[in-house]
Amino acid sequence: MTLITDKIQQLETPIDVMFLMHKVFLTQSEKASELAKNAIETNDLKEFKSVLDNWLKLLLYHYQTEDEFMTGPLKEKEYHDGRLGLRDNVAEHDEIRSKGDIVLNDYQKTLNPKNMTVQEILEMDDLEHLKVMDKISAVQNSIVDAFGAEKLKARSLRGLYQSVLELKVVEFDHFENEEAFVLTLVREQMTYEQQLQLTEKLLFDSTDQNENWIVDFLFSVLDDDESRLLEELISEIKG
Ligand SMILES: [Fe+2]
Ligand SMILES: [Fe+2]
């Protein structure tokens, strides 16, 4: 598994571009969780939102492309622990998409904590739930008043931080599984040329006005040596 602190020295085969990409995605998730954590103190989510949007945009494009052009064409293989590499990969993508939705939803709650439903408020903290339920009737206004706007805001920020952490954990596990199980199948089943084509899809978004938005972002995060590896791969793809 590639860690943020790992330095990627070489790409042995085109699909190894995944190590560079996963590393960059992890730096985004790290940044988003740092900013969400800071916001509990500062109340400031401006930078968080732009990092989050970027992170989710990258992930959503990446997973959709993998489902269609990577796991799609591969043949399934059952591992001895019963794991089905491709099926599990697609399921993990779905899980991360839904965790991403939860983060966005929680972000919305922090903008307007007073609009939270009773259910949402109680779900944020089970113990508080027990304490207040016998004192106030569970209607929107009274529960919002009982908590107070500031407490509610703080609570929503903690909830947001929590869901960012959860997204980060499933993302991390997913990258680890994909690198271990799916990339092995790619190397076994795809020719070098097919890997180059897949890599092109992963790196360039032909549906966007700026098809370079992904590589631009990768270059903005990778160090010089890693950027050179990416440049070499791109010139091979474009060559
Ligand atoms: Fe991936
Ligand atoms: Fe993936």
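Bear in mind that the values in this text are calculations on the coordinates, not laboratory data. None of the values given here were measured: they were computed from a predicted structure. When we count neighbours, we look across all protein chains shown, and the Cβ atoms used for this are built from the backbone with ideal geometry, even at glycine.
Numerical summary
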read-out	value
Value of [θ]222 nm, deg cm²/dmol, for the chain, DSSP H segments ≥ 4, -39500 (n - 2.57) each, nearest 500	-23000 deg cm²/dmol
Packing rank of 224-234, 24-34, where each peptide gets the mean count of other beta carbons within 10 Å, highest leading	24-34, 224-234
Inter-site label distance for Arg87 and Ala180 at 7 Å from Cα along Cβ, in nm	1.9 nm
In degrees, nearest ten, helix 85-111 long axis to first principal axis of the chain (Cα)	40 degrees
Contour excess over end-to-end distance, with Cα ends at Phe172 and Lys201 and 0.36 nm allotted per residue	8.2 nm
Helix axis angle, 149-177 relative to the chain longest principal axis, alpha carbon, degrees	20 degrees
Modelled FRET efficiency - R0 45 Å, Asp67 with Thr42, Cβ distances, 0.05 increments	0.75
Inter-label distance, nm, simple model (7 Å from Cα along the C-beta direction), Asn212/Lys75	4.0 nm
At R0 = 45 Å, FRET efficiency that the Cβ-Cβ distance of Tyr192 and Asn105 yields, to 0.05	0.60
